[in-house]
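Input: a single structure, listed below in structure tokens.
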Amino acid sequence: MLLKGNKPVLAWHTLVVGSTAKGLPSSLDTYVDARTGKVTQATEKVRHAEGRGYHNGNVTIDTAANAMTDPNRSGFRCGGQNGSAYTGTPPWGNGTANDLVTACVDIMYAAQRESDMLKQWFGYNGINGQGGMVPARAGLSQVNAYYDGTKTTFGRNQNGTNQLTGIDVVAHEYGHEIFDRTPGSAGSSNENGGMNESTGDIFGALTEHFANNPHDTPDYTVGEKLNFLGDNKPIRYMYNPSLAGDPNCYPQLNSGTEVHAAAGRRTTGSTCSPRAPTRAAASRRAPYVPAVRPP
Ligand SMILES: [Ca+2]
Ligand SMILES: [Zn+2]
């Protein structure tokens, strides 16, 4: 029963999930008059909330009205280490380096752009293939970020000057969810682990290009904004892994290669030069190597 003014109306209550005429996500809380079949009330639950990110500047993210839960991507929310979403009202965050609500603005922005990219480019239904993705936690007191199958968690850089929530790192962690939910599976050892890290870096770079945010212009390095280890360098160079001391090509990998070090390009030819692979080299590549490589 729906009360219209002081008049009760017998109504069906349903949630209509889809997109608006402009292609934006929509989740309409809808009441249909049971006698006339007409929509008597419809309220948009998707909130395009203002957020003040640190790495990404002022951005628009999808949140509920009073919590950092995503009304359109099932399971996705962002909060602290206890797993609950941060609550409050938009605008979210204050744009400072170590404010954790601000970290969640950067996390939600990056993960939602990645989800949008997967949908627009590949018709993929959410990062998990089922319309959503795992929740995120900010504020880990470690120099680390990870995906563990049920959530993503983000820490800080070595000197504690910012949170590890740049687009490429966030999209890397959710890239692990893509790998996990496709035949790549958990991907934790040797070649499979290297492919998993590769997948993370590739989707990180793709998301940076898709978002095309003026505060984090697209590139083929990983974590270049984060000063991860305090040396003002990226953690990885996708176009030339050896700049960070990682193997440049497939024949240099062995069973002892650390999985992140194995994330780099997989040229199977005889040369391990850092140049972009030629078409001929690309065709020689092993069939399970992702086709997307930096130029
Ligand atoms: Ca980058
Ligand atoms: Zn990783």
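The values are calculated or read from the model by the stated rules, or taken from the named source; none is laboratory data. As the structure is a computational prediction, the values presented were derived from the model and not from experiment. Positions of Cβ are backbone-derived with ideal geometry, glycine not excepted, and every protein chain shown enters the neighbour counts.
None of GLY37, GLY75, GLY79 is in contact with a Phe, Trp or Tyr (Cβ under 7 Å, 6 or more places away or on another chain) and not β-branched (Val, Ile, Thr) except GLY79.
Looking only at residues in region 186-222 that are more than 15 Å from ligand 2 (Cβ to nearest atom) and aromatic (Phe, Trp, Tyr), which one is farthest from MET108 (Cα to Cα)? Ranking the qualifying residues of region 186-222, first place goes to TYR220.
If a residue counts only when it is of a type in the set (Asp, Glu), which strands (runs of 3 or more DSSP E) contained entirely in region 10-124 have at least 1 such residues? Can you show your working first?
Details: elements: 11-19, 25-33, 39-44, 47-52, 58-63.
In region 10-124, the matching strands (runs of 3 or more DSSP E) lie at 25-33, 39-44, 47-52, 58-63.
Might you let me know whether region 161-177 holds any residue that is of a type in the set (Phe, Trp, Tyr), within 16 Å of ligand 1 (Cβ to nearest atom), surrounded by 21 or more Cβ atoms within 10 Å (Cβ to Cβ) and touching a residue at least 12 places away in the same chain (Cβ under 8 Å)?
Looking for residues that are of a type in the set (Phe, Trp, Tyr), within 16 Å of ligand 1 (Cβ to nearest atom), surrounded by 21 or more Cβ atoms within 10 Å (Cβ to Cβ) and touching a residue at least 12 places away in the same chain (Cβ under 8 Å), one finds at least one in region 161-177, hence yes.
Determine whether PRO183 is in contact (Cβ under 8 Å) with a residue 60 or more places away in the chain, more than 11 Å from ligand 2 (Cβ to nearest atom) and surrounded by fewer than 17 Cβ atoms within 10 Å (Cβ to Cβ).
Spelling it out, it is not the case that PRO183 is in contact (Cβ under 8 Å) with a residue 60 or more places away in the chain, more than 11 Å from ligand 2 (Cβ to nearest atom) and surrounded by fewer than 17 Cβ atoms within 10 Å (Cβ to Cβ).
When the residues of region 222-234 are filtered to those that are more than 9 Å from ligand 1 (Cβ to nearest atom) and buried (at least 21 other Cβ atoms within 10 Å of the Cβ), the one that is nearest to ALA261 (Cα to Cα) is PHE228. Taking every residue in region 58-73 that is assigned by TED's automatic domain parsing to the domain that holds MET133 and over 16 Å from ARG137 (Cα atoms) and pairing it with any residue that is of a type in the set (Lys, Arg) and part of a strand (DSSP E or B), at least 6 positions away or on another chain, the pairs with Cβ-Cβ distances below 7 Å are ASN58/ARG52; ASP62/ARG47; ALA64/ARG47; ALA65/ARG47; PRO71/ARG47. Can you tell me which residue in region 135-160 is nearest to ligand 2 (Cβ to nearest atom), limited to those that are hydrophobic (A, V, I, L, M, F, W, C) and crowded, with 22+ Cβ neighbours inside 10 Å? Result: ALA145.
Is it the case that some residue within region 210-221 is more than 16 Å from ligand 1 (Cβ to nearest atom) and either at pLDDT 95 or above or crowded, with 17+ Cβ neighbours inside 10 Å (or both)? Among the residues of region 210-221, not one is more than 16 Å from ligand 1 (Cβ to nearest atom) and either at pLDDT 95 or above or crowded, with 17+ Cβ neighbours inside 10 Å (or both), which makes the answer no.
Each row is one residue, and each column tells you yes or no for (1) charged (D, E, K, R); (2) within 21 Å of the chain's Cα centre (by Cα).
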| position | (1), (2) |
| --- | --- |
| VAL16 | no, no |
| SER19 | no, yes |
| SER26 | no, yes |
| LYS38 | yes, no |
| GLY79 | no, yes |
| ASN82 | no, yes |
| ASN98 | no, yes |
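Looking only at region 164-180, residues that are in a loop (DSSP other than H, G, I, E, B) and within 10 Å of ligand 2 (Cβ to nearest atom) come to 0 in all. Looking at the structure I just gave you, is GLY175 under 26 Å from MET117 (Cβ atoms) and either at pLDDT 90 or above or out of contact with any Ser or Thr (no Cβ under 9 Å at 6 or more places or on another chain) (or both)? Yes. The number of residues in region 158-199 that are touching a strand residue (DSSP E or B) at 6+ places or on another chain (Cβ under 8 Å) and of a type outside the set (Phe, Trp, Tyr) comes to 12. Residues that are away from ligand 1 (no atom under 15 Å from the Cβ) and under 19 Å from GLY149 (Cα atoms) were ranked within region 191-209; the one that is nearest to the chain's Cα centre (by Cα) is THR199.
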